[in-house]
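Below you'll find the structure, written out as structure tokens, and then a few comments.
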Amino acid sequence: MRWSSLFIPTLRDAPAEAEAASHRLLVRGGFIRQLQSGHYSMLPLGWRVHQKVARIIRQEMDGIGGQEFLLPAMHPASVWQASGRWESMGDEMFRLTDRKGADLALGMTHEEVFATISQELNSYRELPQLWYQIQWKFRDEPRPKSGLLRVREFAMKDSYSFDLDDEGLDRSFDLHHDAYQRIFQRLDLDARPVEASSGAMGGSASIEFMVASDAGEDDVAVCDSCGYAANLERASAALDPLENRPAGDAPESFPTPGVRTIAALAELGHPPVHQIKTLVYRIDDVLTLILLRGDHPFLEQKFTDATGAAEVIPAEVDEIRAALGASPGSLGAVGVADLPIYADEALRGRSGMTTGANEDDQHLKGVDMERDVTVDHWLDVRGIIEGEACTTCGEPLRVVRCIEAGHIFKLGRKYTEAMGVMVLDGEGVNRVPTMGSYGIGVGRAMATVAETHHDEHGLLWPMSIAPYEVVLTVVKVDHDESMAVAERLYDELRAAGVDVLLDDRDDRPGVKFADAELIGIPLRVAIGPRGLDSGQLEFTVRSGGETVDVPIDEVVARVIDAVVTDRTAGQ
RNA sequence: CGGGCUGUGGCUCAGCUUGGCUAGAGCGCCUGGUUUGGGACCAGGAGGUCGUGAGUUCGAAUCUCACCAGCCCGACCA
């Protein structure tokens, strides 16, 4: 394509509101424009990248036997009611009503609809099935942010596997695991598979593919020694050995006027590790105590995953007072018999602890967890802390901020059961197939590459998804010989199947070089009188920045060679 | 939803505290000229409901109130 006739609105200044590097560069480079918060238009350059990402995903999905579908983006409420998610998705689902008054939803994911189609499966002989699509998802995110990284409307590759039994599901899951690694490799993304929480999807296991980046929203615990990696929402770590403090035969009350926090109590000689933190939550409408060590944060996600609770809401001060007789800051579980009590594993076997006395300005010391607290359930619900030991190998864990580039789930039979899906097995018995669900956000993948591939001049697209693979920069467009050579190279490269951009704009060279760097074209050939005189053209690789002179007759071969080896990298 | 901040040509911003001629600058854009290997220069020009509405006032970009939108932090979230 000829740059002079393309719409590539590059900007010298980044929009003030863009903070993430990918956001700034994608806007500055003329790839995307915002229509409203969380909704972006793909401009021609952006759409080319998007389509190349999608093509790689398609190739890999087809490679593991995936069959591409296209399902509606707008769904009747009924399918969501059948799975129970019409309620549970809450405000995150866009809902609307048609002229007949029927309730509709914009699809935020497609388990329900694919499961509906799977009702036409009749026999185990038809399994496994692996179905996918690249389709628009709509999620009413409370806070869209960072350009394409978190939006309300986006293209997602979502796939779904249907198997007769758990072994089959394991195979489908592993196929996806491998395909995802190939996809991210081809995108030149260093995506690490990590154990993850299944969240609202339900199911037995899930793995996220995480790319380290400060622009991310997830924290991952990583062990560099044995390779353990888990989202902080589910990561566990070993505790440092700890001596219990000596204590008497019974808890002892002592006055603590004005002490409301762990830190304040610590100043009175009760270190956080020797305190019991008492949280009061409303768990599915039941007032519940949750106990942790004083220095440990509570992770609601871990609690939800462990208990299956639908609603985990901090209790209000007045209901706490009514139930326990004290305000937050003086709460404890000693002697509490009428409320369910959950305790974090880190409190097991602890004695000589300090906790609130359920009387304002009073605390108890010498508390023994076994003797003095009626724990109903022991759970791991604490957030781990960087530097704690890996439970597998004992080495210290690192915490890394990451972008979630992909997520795969073993769903089980939740949706097939809800939709009444049955197939006959080899014995003629009706069985409910088990499902897996697997997702990659296309725009987010693109933004993640931008986030991890840029320098002070602009983007550095990998060849595999660059909007154009090579740009021919005509230094002086009114120099006839330059244009003639450029046109010839342009034709030859196009004939060879190279995505070539001819910068024939009547602009100063500096403008063209800067633009080419900003939009991140991997290769550049500069064609100008200076080089033509000596029969040489300048060949520049964007990522390395080095420029070499190449004889005119060898340029095409040189470009083709670089393009072909590079764009198939990772395949 | 809580906290912080911001809305003035396509982009970046000044002007607002202390209300007052026709609302400015840089970049970008158009025309002409001069230039031409790393974001040129000169001259002329187009382009703005100052987020929206109401109020105060002789007079509002500027003061008051309400609303809307956007960004960041948190909560939330495949």
* Of residues in the range A:448-487 being touching a Leu at 6+ places or on another chain (Cβ under 8 Å) and small (G, A, S), the one nearest to A:L502 (Cα to Cα) -> A:A486
* the range A:16-32, residues that are within 11 Å of RNA strand B (Cβ to nearest atom) and either surrounded by fewer than 14 Cβ atoms within 10 Å (Cβ to Cβ) or β-branched (V, I, T) (or both) -> A:A16, A:E17, A:E19, A:V27
* Would you mind stating whether A:L189 is assigned by TED's automatic domain parsing to the domain that holds A:Q67, closer than 21 Å to A:R55 by Cβ, open to solvent by 40 Å² or more (accessible area, probe 1.4 Å) and at pLDDT 95 or above? => no
* Structure fact -> Taking the range A:524-559 and keeping residues in contact (Cβ under 8 Å) with a residue 12 or more places away in the chain, open to solvent by 50 Å² or more (accessible area, probe 1.4 Å) and away from RNA strand B (no atom under 11 Å from the Cβ) leaves A:S543, A:R558
* Asked: In the range A:349-440, which strands (runs of 3 or more DSSP E) lie fully inside it and hold 1 or more residues that are buried (at least 16 other Cβ atoms within 10 Å of the Cβ), small (G, A, S) and in contact with a Gly (Cβ under 7 Å, 6 or more places away or on another chain)?
  -> A:353-356, A:362-367, A:398-412
* To do: Collect the residues in the range A:66-89 that are in contact with a strand residue (DSSP E or B) (Cβ under 7 Å, 6 or more places away or on another chain), aliphatic (A, V, I, L, M) and open to solvent by less than 60 Å² (accessible area, probe 1.4 Å), keeping them in residue-number order.
  => A:L71, A:A73, A:A77
* Structure fact -> Reported set for the range A:462-504 where residues are touching a Gly at 6+ places or on another chain (Cβ under 8 Å) and open to solvent by 10 Å² or more (accessible area, probe 1.4 Å) is A:S464, A:V475, A:K476, A:H479
* Can you work out which of the residues in the range A:541-557 that are more than 30 Å from A:I57 (Cβ to Cβ) and not hydrophobic (A, V, I, L, M, F, W, C) is nearest to the chain's Cα centre (by Cα)? => A:G545
* Asked: Do you know which residues across the range A:150-172 are hydrophobic (A, V, I, L, M, F, W, C) and touching a Gly at 6+ places or on another chain (Cβ under 8 Å)?
  -> A:V151, A:F154, A:A155, A:M156, A:L169
* Boolean, A:F184 is surrounded by 21 or more Cβ atoms within 10 Å (Cβ to Cβ) and under 22 Å from A:A20 (Cβ atoms) -> yes
* To do: Return the residue satisfying two criteria in turn: it lies in the range A:1-28 and is assigned to a loop (DSSP other than H, G, I, E, B) and charged (D, E, K, R), and of such residues it is nearest to A:Y40 (Cα to Cα).
  => A:E17
* Structure fact -> For the range A:249-304 the number of residues that are within 16 Å of RNA strand B (Cβ to nearest atom), assigned to a loop (DSSP other than H, G, I, E, B) and under 15 Å from A:G383 (Cα atoms) is 3
* Options A:E120, A:E92; residue that is surrounded by fewer than 19 Cβ atoms within 10 Å (Cβ to Cβ), more than 30 Å from A:W3 (Cβ to Cβ) and without any contact (Cβ under 8 Å) to a residue 24 or more places away in the chain -> A:E120
* Structure fact -> Scanning the range A:504-523 residue by residue, the ones that are more than 9 Å from RNA strand B (Cβ to nearest atom) and under 18 Å from A:P462 (Cα atoms) total 5
* Checking A:L493 against (1) modelled with pLDDT of 95 or more; (2) away from RNA strand B (no atom under 14 Å from the Cβ); (3) not assigned by TED's automatic domain parsing to the domain that holds A:V556, the condition it does not meet -> (3)
* Asked: Quick check: is even one residue across the range A:33-56 more than 12 Å from RNA strand B (Cβ to nearest atom), closer than 30 Å to A:D163 by Cα and open to solvent by 60 Å² or more (accessible area, probe 1.4 Å)?
  -> yes
* Asked: Restricting attention to the range A:206-239, which residues are in contact (Cβ under 8 Å) with a residue 40 or more places away in the chain and open to solvent by 40 Å² or more (accessible area, probe 1.4 Å)?
  -> A:A212, A:D214, A:E217, A:D219, A:D224, A:S225, A:C226, A:E233, A:R234, A:L239
* Within the range A:305-322, how many residues are open to solvent by 40 Å² or more (accessible area, probe 1.4 Å) and outside any helix (DSSP H, G or I)? -> 6
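The values are calculated or read from the model by the stated rules, or taken from the named source; none is laboratory data. Quantities reported herein were computed from a predicted structural model and do not represent experimental measurements. Methodologically, a virtual Cβ is constructed for each residue, glycine included, from the backbone with ideal geometry; neighbour enumeration extends over all protein chains shown. Quick note on the areas: whole protein, heavy atoms, side chains included, nothing else; ligands and nucleic acids left out. Shrake-Rupley method; radii C 1.70, N 1.55, O 1.52, S 1.80 Å.
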